[in-house]
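K.L.:
Before we start, here is the structure in question, set down as structure tokens.
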Amino acid sequence: MERPQPDSMPQDLSEALKEATKEVHVQAENAEFMKNFQKGQVTQKGFKLVMASLYRIYVALEEEIERNRDNPVYAPLYFPEELHRKAALERDMAFWYGARWQEAIPYTQATRRYVRRLQDVGRRQPELLVAHAYTRYLGDLSGGQVLKKIAQKALALPSSGEGVDFFTFPNIASPTKFKQLYRSRMNSLEMTPEVRQRVLEEAKTAFLLNIQLFEELQELLSQDAEDQSPSQAPGLRRRVGSGAQDSTPMETPRGKPQLSLLSQAPLLRWVLTLSFLVATVAVGLYVM
């Protein structure tokens, strides 16, 4: 299949990115993990896993952004006060994993791949940071508030926003206006047709890295559901849940009672609903 030529793409980079990532965008929305999330079928363990992965990803992304803050290939998109998520995610990590969260949070293989790609791009191909920032930040601004409300309801979180600071952008009064500003800055970047094409390809790569992450998290949760099934031997359940290297402890934050097996029923129901066709809800971490 012939690759679209740069001059066949929309003139504005922001529109070209949206067009180029349309297919992988739909794939990300249809990942089982995201569909379950959108339906409110999110457990504490699943939410903790995805938030820990996001912490690792944003630490890497924002380290590379800081490295290139004055580089003309990225500088117009440098909005640390408005966009950067590291501090918010640190508060979320403390809420979910406790005071020693840095020792407790997991680091999955798909997350490691994502982090390595961000580091490689930031150090060797900084012009491609544009694609990763576009994929992450504009998606967070677009779908984040919806996902925040879903998580708060499903996990009975306080309305004050504890545990979901990641989704809150206190320095952005109007997400719509800010996204317009951000896109205009993207469109002002000077790049050759060859660089522009590589940015479009990198945006697809960013989506694929996120899809791989969702698939891995769903597999981990499905394995956990099987391990906790009554048909499994009690000894196996103890071994899975009590190992010294268990990276996703099930204790609730701040002394709340531990989740019972009954309270994890939404996770078990995921397996039973796989045969049903669900409509894709146009929200999520990657809704533009």
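Throughout, read-outs are computed from the coordinates displayed, never taken from laboratory work. What you are looking at is a predicted structure, and each value in this text was computed from that prediction instead of being measured. For neighbour counting, all protein chains shown are included, and Cβ atoms are generated from backbone atoms with ideal geometry for every residue, glycine included.
K.L.:
If you bin the C-alpha pair distances of segment 17-222 every 5 Å from 0, what whole percents do you get?
P.N.:
Binned Cα distances yield the sequence 1, 7, 15, 20, 22, 18, 11, 5, 2, 0.
K.L.:
Right, here's the next one. Of LYS18/LYS204; LYS45/LYS153; LYS18/LYS45; LYS35/LYS177; LYS45/LYS148, which ones are farther than 21 Å apart at the Cα?
P.N.:
LYS18/LYS45; LYS35/LYS177
K.L.:
Sorted from largest down, what three extents in whole angstroms do the Cα atoms of segment 28-130 have along their principal axes?
P.N.:
Here the spans come out as 43, 35, 27 Å, largest first.
K.L.:
Excluding THR111 itself, what net charge comes from residues whose Cβ is under 14 Å from its Cβ, given Lys and Arg +1 and Asp and Glu -1?
P.N.:
With Lys, Arg at +1 and Asp, Glu at -1, the net is +4.
K.L.:
If you find the alpha carbon centre of segment 89-133 and of segment 145-187, how far apart are they in angstrom?
P.N.:
19 Å
K.L.:
For every other residue with a beta carbon closer than 10 angstrom to the beta carbon of ASP92, add +1 if it is Lys or Arg and -1 if Asp or Glu, then tell me the sum.
P.N.:
0
K.L.:
Sticking with this structure for a sec: What is the fewest-to-most order of TYR182, TYR78, TYR114 by other Cβ atoms lying within 10 Å of their Cβ?
P.N.:
In order of increasing Cβ crowding within 10 Å: TYR78, TYR182, TYR114.
K.L.:
Hey, another quick one. Would you mind ranking MET34, MET93, MET191 by Cβ crowding within 10 Å, fewest neighbours first?
P.N.:
If I rank by nearby Cβ atoms, fewest first, I get MET191, MET93, MET34.
K.L.:
Follow-up. Which whole-number percentage describes the relative contact order of segment 17-222, with Cα contacts under 8 Å and a sequence gap of 6 or more?
P.N.:
38 percent
K.L.:
Arrange SER222, SER184, SER160 by Cβ neighbour counts within 10 Å, fewest through most, would you?
P.N.:
Going from sparsest to densest Cβ surroundings: SER160, SER184, SER222.
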